[in-house]
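Any read-out appearing in this document is the output of simple, stated calculations on the displayed coordinates, not a laboratory observation. Predicted, not measured: the structure shown is a model, and the values here were computed from it. No Cβ is skipped: glycine too gets one built from the backbone with ideal geometry, and neighbour counts run over all protein chains shown.
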Amino acid sequence: MSHLILHCRPRAWLMATLLLVALMLAACQAIGKGDGAPASQNAPSAASTPLVLAAHDSFAIGEEVLAAFEAEHGVTVQVLTLGDAGAALNKIILSKDAPLADLFFGVDNTFLSRALAADVFEPYASPLLAQIPDNLQLDPEQRLLPVDYGFVNLNADSEWFAAHGIALPQTLEALTDPVYKGLLVAPNPATSSPGLAFLLATIDHFGEDGYLNFWQALKANDVLITDGWSEAYFEHFTVGSGGAGDRPLVVSYSTSPPADVVYASDGRTKPASVNLFLPGSAFRQVEFVGVLKGAAQPELARRFIDFMLDTPFQNDIPLQMFVYPANPNATLPDLFTAYAQTPPDPVIFDPAAIEANRERWVQAWTDVMSQ
């Protein structure tokens, strides 16, 4: 540039100089904040490529909440959904040498040990962890950080049962009674984290010597198995499908009844579904997020995790994903406090025990259900 200026005529030299000054001023304005103040030295610089968040299909967050992070950090967040939790984690593990995203949300405590053993996450001790209860922090190395929790259990369409004059089941054993034939839909434990959670609950209730007999009886009673929770709830459950489904019993969450109101097409203000806290049927599920090794935007990924654990994001979780926020400082909406419930005695499995037995248990279940 200087070489060119030295060989310009005086007027051309002056114009070139003015142009250079203008470009420098424009550059200074571009790296400042919108109000003209200098950008924080601690904040990540604006990214030339988007921040990619991989997640299971049930991930949801409000557009305004996500836009707040994008505006603060000058980045576009792309959400890459990869199927139900188990299938999504498989894709993350298989692509570890060429990561699909910068961070992944959706590992739960049923797949926790598997995710950690695959060595795909970077440790990150977020300062927001100080606000998260210790009993939700299941990875001492802080590679996976808790975002939310919920309770997997049975939901029933109470209006359907009343209309058909059938009493609601009171025990897991009752689900094998012919009166409930063809009424239950459940996600596949091989591909779905709620499906695996329910399988683990039945193992805890019936024992290793009895759970397969229970599932064999369910199969004989025409249980429907789907690949994931979304398919079970929104396509086959009579409430979640808006009446298009034909299954009034579903494996879902104790926080699903508020969803009935939010997604209802008939304007109802009270849920049609109810929780069935059958003895031994509820399982506590915790969902985690982590920075992927080899991420293109690792610092922004860490900032996004801070954002996910802070109250603006946490406040939005209940009516977006219909689970409880991990941060107890979050505010629950009235609809959630009115109709979401906590089961009295949920099953809490040691992740190490799940890791040691999961493949064997799931394979045995698959063998029985495929006969």
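Which ordering of GLU63, GLU141, GLU70, GLU159 is given by a fewest-first count of other beta-carbon atoms within 10 Å? The partial results should precede the final answer.
Working: GLU63 7, GLU141 10, GLU70 13, GLU159 16.
Ranking GLU63, GLU141, GLU70, GLU159 by Cβ neighbours within 10 Å, fewest first, gives GLU63, GLU141, GLU70, GLU159.
Quick one: which of 83-90, 249-256 comes out on top by average Cβ neighbours within 10 Å, and what's the full order, highest first?
Details: 83-90: 23.8, 249-256: 27.6.
Those peptides, ordered most packed to least, come out 249-256, 83-90.
Full-extension gain between HIS164 and LYS96, please, as 0.36 nm times their residue separation minus the C-alpha to C-alpha distance. All intermediate terms of the calculation are to be shown ahead of the outcome.
Working: separation 68, 0.36 × 68 = 24.48 nm, distance 5.10 nm.
Using 0.36 nm per residue and subtracting the Cα-Cα distance, I get 19.4 nm.
Can you find, among TYR124, PRO187, ILE203, the residue farthest towards the positive end of the dipole of the chain? Put +1 on the C-beta of Lys and Arg, -1 on that of Asp and Glu.
Sorting the options by dipole projection puts first TYR124.
How do VAL261, VAL120 rank when sorted from fewest to most other Cβ atoms within 10 Å of their own Cβ? Could you put the intermediate results ahead of the total?
Numbers: VAL261 18, VAL120 23.
Arranged by neighbour count, lowest to highest, VAL261, VAL120 become VAL261, VAL120.
Can you list the lysines whose alpha carbon sits under 20 Å from that of LYS219, skipping same-chain ones fewer than 8 residues off?
LYS181
Which residues among the range 264-300 fall inside the zone where the amide N is under 13 Å from a point 7 Å beyond the Cα of ASP119, along Cα→Cβ?
So the set is 293.
So which aspartates and glutamates can LYS270 reach, going by Cα to Cα under 20 Å and dropping same-chain residues fewer than 8 places off?
Qualifying aspartates and glutamates at Cα under 20 Å: ASP157, GLU159, ASP260, ASP334.
Report the Stokes-Einstein translational diffusion coefficient (µm² s⁻¹, integer) for the range 247-370, Rh taken as the Kirkwood radius over Cα pairs, at 37 °C with viscosity 0.692 mPa s. Let's see the in-between values first.
Working: Rh = 17.5 Å.
The estimated diffusion coefficient comes to 188 µm²/s.
What order do you get for TRP160, TRP229 when you list them from fewest to most C-beta neighbours inside 10 Å? Kindly include the intermediate steps, with their values, before the conclusion.
Details: TRP160 20, TRP229 29.
Going from sparsest to densest Cβ surroundings: TRP160, TRP229.
Which of the DSSP-defined H helices in the chain satisfy a minimum axial length of 27 Å, computed from C-alpha atoms, and a minimum mean Kyte-Doolittle hydropathy of 0.5? List each step's numbers first, then the result.
Numbers: long enough: 10-31 (32 Å, 1.70).
Qualifying helices, which must be both long enough and hydrophobic enough, are 10-31.
With r as the distance between the Cβ atoms of GLU70 and THR171 and R0 = 51 Å, compute the FRET efficiency 1/(1 + (r/R0)^6) and round to 0.05. Intermediate values should be presented prior to the final figure.
Details: r = 49 Å, r/R0 = 0.96.
Calculated value: 0.55.
How would you rank 144-155, 235-246, 356-367, highest first, on the average number of other Cβ atoms within 10 Å across their residues? Before the final figure, lay out the partial values.
Working: 144-155: 25.6, 235-246: 19.2, 356-367: 15.2.
Ranked by mean Cβ neighbours within 10 Å, highest first: 144-155, 235-246, 356-367.
Residues of the range 106-129 with backbone nitrogen within less than 17 Å of a virtual label 7 Å along the Cα-to-Cβ line of ASP204, please, listed as ranges.
Those under the cut-off are 108-113.
Roughly how compact is the chain, stated as its Cα Rg over 2.2 N^0.38 Å to two decimals? Spell out each step's value before the answer.
Numbers: Rg = 25.4 Å, N = 371, 2.2 N^0.38 = 20.8 Å.
So the chain has a normalised radius of gyration of 1.22.
Would you kindly calculate the mean projected area, averaged across all directions, of the convex hull enclosing the Cα atoms of the range 181-252, in square nanometres? List each step's numbers first, then the result.
Details: hull surface 17.1 nm².
Over every viewing direction, the Cα hull of the range 181-252 projects on average to 4.3 nm².
In deg cm²/dmol and to the nearest 500, what is the mean residue ellipticity at 222 nm of the chain if only DSSP H runs of at least 4 residues count, each as -39500 (n - 2.57), divided by the residue total?
Values: 14 runs with 139 residues, N = 371.
Dividing the helical sum by the residues of the chain leaves -11000 deg cm²/dmol.
Run the quick spin-label model on TYR263 and ASN213: label points 7 Å from Cα toward the beta carbon, then report their separation in nm to one decimal.
Using points 7 Å along Cα→Cβ, the separation is 3.6 nm.
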